[in-house]
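Enquirer: Okay, here's the structure, questions in a sec.
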Amino acid sequence: MSAAETYPIELKAPDISAYTGNTDIPYVTSFDSGRPGPHVVVNGLTHGNELCGAIALDRLLRNGVRPSAGRLSLSFANVAAYRDFDSDHPSASRFVDEDFNRLWDEATLGGTRDSTELKRARALRPLVEAADYLLDIHSMQHATGALMLAGLTDKSLALARRVGVPAIIVRDAGHSAGKRMRDYGAFADPASPKTALLVECGQHWEQRAADVAMQTAERFLAALGVLAATEAARILGEPVAPQRIVAVTEAIAITSERFEFAADYRGLEVVPRQGTVIGWDGGKEIRTPYDDCVLIMPSRRLLRGQTAVRLGRYVS
Ligand SMILES: [Zn+2]
């Protein structure tokens, strides 16, 4: 049993069979306010085993959320993987064939290769391209503080600040194994106003992850004017911790068949001394490049080509 599977399962996977949606794209529900405003998309289940996104979308839909301006779309991404979710093997349903969140570039989406996830990404692509704002809800292998992955643009940092949670904002370039949905097209273009955020709400199975997902989604909708002004003011007026920013300087991609960490890192450890060995990639030492190096999301899926950990520093 891997370390990730030792966490107790506090969450129940919601039944989403009623949410096949009202658009051309299965499992996308879209509401038009009839008033001018942005098209805001909240997405869950980019990874099929990350229950908190499905729980937040289920709550929004059951609460009857409707936009007071613009258009709101709620999407369940990797439904095929989610259908395989089994609480006895909770990590197995991350994807069916491949990681849905490494496919988001023109060459891959427009290419001839095929898979369950590519089919779904191609189906969702028109929605992602139509979105002015996207929140993609995820969870993590380890129970550490929630993170807002804001990418590299100033516009997404500014939106992360307007949302106000989680308390840690990570500025990062993603993974060498492939582009994330949040970095697709205009979202990564500083000249475009289109903006995406990816929130990592907590450990996959912990209740807190669902709470963070719901809070983040509501604050995202409030910050973007989707919710009525009085409700938005109430939501955004709730006290939150001050935010800090970690700038990721590098992602350690695994180059060998055997990667090992030097300790049982869970994430957000601050390694005080430059040059500290934090792991070995096929025997090659991986050392921290500077003092007070922050470890972001150390992985338990230590496979060649994948990201083992991201390294960064607090910049505020
Ligand atoms: Zn994820």
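The values are calculated or read from the model by the stated rules, or taken from the named source; none is laboratory data. Keep in mind the model is a prediction, meaning the values are calculated, not measured. A quick note on method: Cβ atoms are made from the backbone with ideal geometry, for glycine too, and the neighbour counts reach across all protein chains shown. Accessible surface areas use protein heavy atoms only, side chains included; no ligands, DNA or RNA. Shrake-Rupley method; radii C 1.70, N 1.55, O 1.52, S 1.80 Å.
Enquirer: Can you tell me which residue within region 28-60, out of those that are in a loop (DSSP other than H, G, I, E, B) and out of contact with any His (no Cβ under 7 Å at 6 or more places or on another chain), is surrounded by the fewest Cβ atoms within 10 Å (Cβ to Cβ)?
Expert: It comes out as 36.
Enquirer: Pull out all pairs, ordered by first then second residue, where Cβ-Cβ is under 9 Å, the residues are six or more apart or on different chains, the first lies in region 26-38 and is on the phi > 0 side of the Ramachandran plot, and the second is surrounded by 13 or more Cβ atoms within 10 Å (Cβ to Cβ) and among the basic types (Lys, Arg).
Expert: Taking only residues 6 or more apart or on different chains, the pairs are 37/71.
Enquirer: On the given criteria, is residue 18 open to solvent by 10 Å² or more (accessible area, probe 1.4 Å), under 19 Å from residue 80 (Cβ atoms), within 16 Å of the ligand (Cβ to nearest atom) and not aromatic (Phe, Trp, Tyr)?
Expert: no
Enquirer: Let me ask another. Looking at (1) touching a Leu at 6+ places or on another chain (Cβ under 7 Å); (2) part of a helix (DSSP H, G or I), can you tell me which one residue 129 breaks?
Expert: With (1) touching a Leu at 6+ places or on another chain (Cβ under 7 Å); (2) part of a helix (DSSP H, G or I) applied to residue 129, the lone miss is (1).
Enquirer: A further question follows. Scan region 80-102 and report the pairs whose first residue is over 18 Å from residue 43 (Cα atoms) and within 12 Å of the ligand (Cβ to nearest atom) and whose second residue is at pLDDT 90 or above and not charged (D, E, K, R), with Cβ atoms within less than 7 Å and a gap of 6+ or a chain change.
Expert: 91/49
Enquirer: May I pose another question? Considering only residues that are open to solvent by 70 Å² or more (accessible area, probe 1.4 Å) and not in a loop (DSSP other than H, G, I, E, B), which ones fall in region 251-269?
Expert: The answer is 260, and nothing else.
Enquirer: Just name the residue that is least open to solvent (accessible area, probe 1.4 Å) out of those in region 132-142 that are in a loop (DSSP other than H, G, I, E, B) and within 15 Å of the ligand (Cβ to nearest atom).
Expert: Start the filter on region 132-142 by keeping residues that are in a loop (DSSP other than H, G, I, E, B), which leaves 132, 141-142.
Next, only the ones that are within 15 Å of the ligand (Cβ to nearest atom) stay: 141-142.
On the way: 141: 25, 142: 6 Å².
Within region 132-142, the match that is least open to solvent (accessible area, probe 1.4 Å) is 142.
Enquirer: Filter region 107-127 down to residues that are open to solvent by 10 Å² or more (accessible area, probe 1.4 Å) and touching a residue at least 24 places away in the same chain (Cβ under 8 Å) and give me whichever is farthest from the ligand (Cβ to nearest atom).
Expert: Across region 107-127, the extreme among qualifying residues is 126.
Enquirer: (1) assigned to a loop (DSSP other than H, G, I, E, B); (2) modelled with pLDDT of 95 or more: which one isn't true of residue 157, the others all being true?
Expert: (1)
Enquirer: Then there's this: Given the options 210, 247, 222, 241, name the one that is closer than 20 Å to residue 145 by Cα, buried (at least 21 other Cβ atoms within 10 Å of the Cβ) and aliphatic (A, V, I, L, M).
Expert: The conditions single out 210.
Enquirer: Next up: So if I check each of 225, 202, 279, which one is assigned to a strand (DSSP E or B) and either touching a helix residue (DSSP H, G or I) at 6+ places or on another chain (Cβ under 9 Å) or over 30 Å from residue 303 (Cα atoms) (or both)?
Expert: Details: 225 fails: assigned to a strand (DSSP E or B); 279 fails: either touching a helix residue (DSSP H, G or I) at 6+ places or on another chain (Cβ under 9 Å) or over 30 Å from residue 303 (Cα atoms) (or both).
Step by step, each of 225, 202, 279 is checked, and only 202 is assigned to a strand (DSSP E or B) and either touching a helix residue (DSSP H, G or I) at 6+ places or on another chain (Cβ under 9 Å) or over 30 Å from residue 303 (Cα atoms) (or both).
Enquirer: So if I check each of 177, 188, which one is more than 14 Å from the ligand (Cβ to nearest atom) and hydrophobic (A, V, I, L, M, F, W, C)?
Expert: Answer to the selection: 188.
Enquirer: List pairs: first in region 156-172 and under 15 Å from residue 244 (Cβ atoms), second open to solvent by 30 Å² or more (accessible area, probe 1.4 Å) and in a helix (DSSP H, G or I), Cβ under 9 Å, 6+ apart or cross-chain?
Expert: What qualifies is 163/236; 164/236; 165/215; 166/215; 169/161.
Enquirer: Residue 300 versus (1) open to solvent by less than 40 Å² (accessible area, probe 1.4 Å); (2) touching a helix residue (DSSP H, G or I) at 6+ places or on another chain (Cβ under 6 Å): which is the lone unmet condition?
Expert: (1)
Enquirer: Which one of these is under 24 Å from residue 66 (Cα atoms) and crowded, with 20+ Cβ neighbours inside 10 Å: 182, 234, 171?
Expert: Numbers: 234 fails: crowded, with 20+ Cβ neighbours inside 10 Å; 171 fails: under 24 Å from residue 66 (Cα atoms).
Residue meeting the stated conditions: 182.
Enquirer: Now for a separate question. Just for region 87-101: of the residues that are among the hydroxyl-bearing types (Ser, Thr, Tyr) and not in a helix (DSSP H, G or I), which one is surrounded by the fewest Cβ atoms within 10 Å (Cβ to Cβ)? Before you say what the answer is, go through the steps one by one.
Expert: Within region 87-101, the subset among the hydroxyl-bearing types (Ser, Thr, Tyr) is 87, 91, 93.
Still in the running and not in a helix (DSSP H, G or I): 87, 91.
On the way: 87: 11, 91: 16.
So the residue we want is 87.
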